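Structure record follows, encoded as structure tokens.
The values are calculated or read from the model by the stated rules, or taken from the named source; none is laboratory data. On a predicted model such as this, the values are computed, not experimentally measured, just so you know. Virtual Cβ from ideal backbone geometry, glycine too; neighbours counted across all protein chains shown.
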Amino acid sequence: MRALNKNTVWGYLFASPWIVGFLLFGLYPILVSFWYSLCQYDVLRIPQYIGLRNYRELLFEDHYFYTAVWNTLFYTLVRTPLVIVGSLLLAMLVSKAVRGVRLFRTIYFIPSIISGVILSVLWMWLLNPEYGLINSTLQFFGLQGPLWLIDPRWSKPAIILMSVWSLGGGRMLVFLAAIQNVPKHFYEAVEMDGGGWWARFRHVTLPFISPVLFLWFIFEIIGSLQVFVEAYVMTKGGPLNSTLFYNLYLYNKAFDDFDMGYASALAWLLFILAGIITLIQFRVSRKWVYYSGGVGK
Amino acid sequence: MMRIRAIKIAAFLIALVLLALLLWPALEKSSNRREVRYWFVAGVKDNIPPCVQLFNAAQESIRVVSTPIPWNEHEKKVLTAILSGDPPDVVNLVTPVPKWAARKALVALDPAITRDHFDTTRFFPSLWQEMSYRGRTYALPAYTGSYALFYNRRLLREAGLDPDRPPANWQEIQDYSRRLTRRENGRIVRMGFIPQYGTIETPLIIAFEQGARFIDPAGTRVHLTTPEVVSALQWERDFFDLYTVEEVSAFMGGFGYGNQQGFIAEKVALFINDNSFIDQIARYHPELDYGVAMIPAWGEGPSVSSAGSWWLAIPRGAKNREDAWTFMKFVVSRETQLAESMSRDETLFPVNRFAANDSAFLGMHRYMAIFSRQMEQTRSKSIVPLVHDIFWREFSLARERSLRGVMSPEQALGQAERTIQAFLDRALEYDRYVDARMETTGF
């Protein structure tokens, strides 16, 4: 009994750097940010308690809030399926044992090792309407390319395009691993029953990799809701606020305006939004995710 | 056995080295001069600024230790330093003084100014006005840039215009620009003037020239829908009658830095920029045939420019205030200002009028006198200090909306006015709350 206690103490002691770190730099800021969301607070001066006013102003008076929510939802809803489907297709392609497939895997993976800021600067040049590689290529085929980041109608698609390109390879690798884990005898069974490639994909591959797909759907959606670097580096939210994403607005409020109370309220609303979306996904997932080891929870 | 001994000796040596490294800064510092810690925003080069070198050479009892902080995060760095309770003794910043002063981040300097009979008329008036908030002074201007109109003489000649007669007002800017702009296969390859290009806000200047005030004297009500501001946005819209915003933006997308800069690459013939642009032209296109003129006027009115300055202040909680103040006074003296301005790769413009009109400074370049004259006619960009960033975001958005035809200038400005006012009301309310509960730090 004593030995057990001693062990427990030692255990906590060894875990203490993490526990202290979490309490100090994780839990405390989270709790405090909730308190500040009920205040006017600019970091340098004492907070003023104002109840739910930040939330009320955000939801009922601040039209940028809805612009930011719309931009972010658009980005999330268009980008997530594109990234998932795109990288799944890539994974299927490179899962074939063809000559030189390793080279292709490497090539597709390379973009995902570049950091966000560098990627954004690179794409600013690729998307340059006058000199950019994309529009020059389109022009070669006689097509007039759009103005991308300069045109409010094309700025979001441009950023989505870039993110699909850069993330596809990394996700491809995850799906590739999942696909290669599918037991081969199931495919044989389908073939014996006379099923083609679609049947193999629909009835074997897809169910087996559905837990991985589900996980990445959640990751992608949460990641998309947090989109920031691209807009911060490339557009600063313009043109006409068409790329004013939620976190960029939050950043402006917190670090340009020093309006930490308002920014904290924004953060909590995003947390609630992300929570609701994830909850819905979990509910829906019961209908399509298959766990080979039994029902997953 | 031998191995364990070797390890022990190695460990001992490593410990010794670490100890020496830890103690080194303390040993190095142990001179008997009092220290002033100075933070300044620096680019890539982290050298010691000339003013610090000069000060340390001239002083026996005080030593300034300067630390460069990167531009990207400089506001946050200073903010956290103040919060930590152990900030530097002097900071060098560029965002509006009232933005910091209103947040009680700076020490008021008035007692020291009065005590030392410190002459404040040495500063250009608009720069000096920016240093105070609610009747108290919080900073000294350190250096600035003076803006004027650069014009390409070769292109003017080529377009059949007199190269010795640059445009003098905004109407002429439109006329000149029309004649200077060239298209090839329908695409713009050169423009006379671009209101969006450069760091100066063209409509702001036009509004200033008409006497726009933007805010009431008490600083509580924003006025954006006045005839002066509306006509400024209207001017910009009229300018775009001949071009679309998209094609001009696409054209500007090809501009870069250095020899890719629009004016230096001769893709833009008229361009407003500050005096350091002279040095850039000299470096990247020395044979460019250009001239410098006063900023265009609104009709027959005065030529007005906008300027802000880098400034020095003592942050709340700073320990060595007296020596910090001595250093600040040294930086803004005529001699230091001259030496500092002239020793840089890109000329800084002195905030001290005597330095700016000194023959040594004016002799640096044949156009320097124009920049000095323009500097007397400037207005501050710090218009609604309490919500400075919101004001600029909204003003830019209103410009964009008006230009792209999403809204009329009145509508766009009206919407900006309402948003700025809403946030200003919030800020004022918070200000009143804090004022009743928190003291401003005196010198």
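Here are the numbers for the structure shown:
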read-out: Residue under evaluation B:Ala57, criteria (1) modelled with pLDDT of 80 or more; (2) surrounded by 12 or more Cβ atoms within 10 Å (Cβ to Cβ); (3) within 19 Å of B:Ser343 (Cα to Cα), criterion not met; value: (2)
read-out: Subset of the range A:121-159 (residues that are assigned to a helix (DSSP H, G or I), hydroxyl-bearing (Ser, Thr, Tyr) and over 13 Å from A:Gly238 (Cβ atoms)); value: A:Ser136, A:Thr137
read-out: Failed item in (1) buried (at least 19 other Cβ atoms within 10 Å of the Cβ); (2) in contact with a Pro (Cβ under 8 Å, 6 or more places away or on another chain); (3) over 30 Å from A:Ile50 (Cα atoms), with A:Gly261 passing the rest; value: (3)
read-out: Extreme residue, farthest from A:Leu273 (Cα to Cα), among residues of the range A:209-230 that are aliphatic (A, V, I, L, M), in a helix (DSSP H, G or I) and more than 14 Å from chain B (Cβ to nearest Cβ); value: A:Ile209
read-out: Qualifying position, being touching a helix residue (DSSP H, G or I) at 6+ places or on another chain (Cβ under 9 Å), of a type outside the set (Lys, Arg) and more than 15 Å from B:Tyr243 (Cβ to Cβ), among B:Ile206, B:Ile200; value: B:Ile206
read-out: Helices (runs of 4 or more DSSP H) (entirely within the range B:349-416) containing at least 2 residues that are closer than 21 Å to B:Ser126 by Cβ and over 18 Å from the mean Cα position of the chain (by Cα); value: B:353-356, B:359-362, B:368-375
read-out: Residues satisfying the stated conditions in the range A:237-269, i.e. facing another protein chain (nearest Cβ under 9 Å) and under 25 Å from B:Ser249 (Cα atoms); value: A:Gly237, A:Gly238, A:Pro239, A:Leu240, A:Asn241, A:Asn252
read-out: Qualifying position, being among the charged types (D, E, K, R) and either modelled with pLDDT of 90 or more or touching a Leu at 6+ places or on another chain (Cβ under 9 Å) (or both), among B:Asp435, B:Asp389, B:Asp431; value: B:Asp431
read-out: Of all residues making up the range A:235-251, the number that are out of contact with any Phe, Trp or Tyr (no Cβ under 7 Å at 6 or more places or on another chain), in a helix (DSSP H, G or I) and crowded, with 22+ Cβ neighbours inside 10 Å; value: 1
read-out: Residue in the range A:147-165 that is nearest to the other protein chains (Cβ to nearest Cβ), counting only those that are surrounded by 17 or more Cβ atoms within 10 Å (Cβ to Cβ) and out of contact with any helix residue (DSSP H, G or I) (no Cβ under 8 Å at 6 or more places or on another chain); value: A:Pro152
read-out: Members of the range B:141-152 found to be of a type in the set (Ser, Thr, Tyr) and in a loop (DSSP other than H, G, I, E, B), listed by number; value: B:Ser146
read-out: Residue list for the range A:15-70, restricted to those being more than 28 Å from B:Arg316 (Cβ to Cβ), assigned to a loop (DSSP other than H, G, I, E, B), within 14 Å of chain B (Cβ to nearest Cβ) and more than 27 Å from the chain's Cα centre (by Cα); value: A:Gly51, A:Glu61
read-out: B:Pro163 at pLDDT below 95, touching a Leu at 6+ places or on another chain (Cβ under 9 Å) and surrounded by fewer than 24 Cβ atoms within 10 Å (Cβ to Cβ); value: yes
read-out: Candidates B:Glu394, B:Glu400, B:Glu429 - the one that is within 14 Å of chain A (Cβ to nearest Cβ), surrounded by 21 or more Cβ atoms within 10 Å (Cβ to Cβ), of a type in the set (Asp, Glu) and within 30 Å of B:Thr225 (Cβ to Cβ); value: B:Glu394
read-out: Qualifying positions in the range A:47-84 - touching a strand residue (DSSP E or B) at 6+ places or on another chain (Cβ under 9 Å) and basic (Lys, Arg); value: A:Arg53
read-out: In the range B:313-332, the residues that are over 20 Å from the mean Cα position of the chain (by Cα) and outside any helix (DSSP H, G or I); value: B:Arg316, B:Gly317, B:Ala318, B:Lys319, B:Asn320
read-out: Residue satisfying all of: in the range B:340-379; polar (S, T, N, Q) and farther than 26 Å from B:Pro166 by Cβ; modelled with the highest pLDDT among these; value: B:Asn352
read-out: Neighbours by Cβ (under 6 Å, 6+ apart or cross-chain): first from the range B:233-261, more than 14 Å from every other protein chain (Cβ to nearest Cβ) and at positive phi; second surrounded by fewer than 19 Cβ atoms within 10 Å (Cβ to Cβ) and part of a helix (DSSP H, G or I); value: B:Gly258/B:Tyr284
read-out: Whichever residue in the range B:135-163 is farther than 17 Å from B:Lys267 by Cα and without any contact (Cβ under 8 Å) to a residue 12 or more places away in the chain and, among such residues, is farthest from the chain's Cα centre (by Cα); value: B:Asp162
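Every residue, every condition in (1) over 27 Å from the mean Cα position of the chain (by Cα); (2) among the small types (Gly, Ala, Ser); (3) within 14 Å of another protein chain (Cβ to nearest Cβ), yes or no:
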site: A:Gln139; (1), (2), (3): yes, no, yes
site: A:Gly142; (1), (2), (3): yes, yes, no
site: A:Gly168; (1), (2), (3): no, yes, no
site: A:Ile179; (1), (2), (3): no, no, no
site: A:Glu188; (1), (2), (3): yes, no, no
site: A:Met192; (1), (2), (3): yes, no, no
site: A:Trp197; (1), (2), (3): yes, no, no
site: A:Val204; (1), (2), (3): yes, no, no
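Residues checked against (1) crowded, with 17+ Cβ neighbours inside 10 Å; (2) at pLDDT below 95:
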site: A:Trp35; (1), (2): no, no
site: A:Gln40; (1), (2): yes, yes
site: A:Leu52; (1), (2): no, yes
site: A:Pro81; (1), (2): no, yes
site: A:Ile84; (1), (2): yes, yes
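Matching residues to (1) closer than 26 Å to A:Val94 by Cβ; (2) modelled with pLDDT under 85:
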| residue | (1), (2) |
| --- | --- |
| A:Glu130 | no, yes |
| A:Ser163 | yes, no |
| A:Leu173 | yes, no |
| A:Ala177 | yes, no |
| A:Asn181 | yes, no |
| A:Trp197 | yes, yes |
| A:His203 | yes, no |
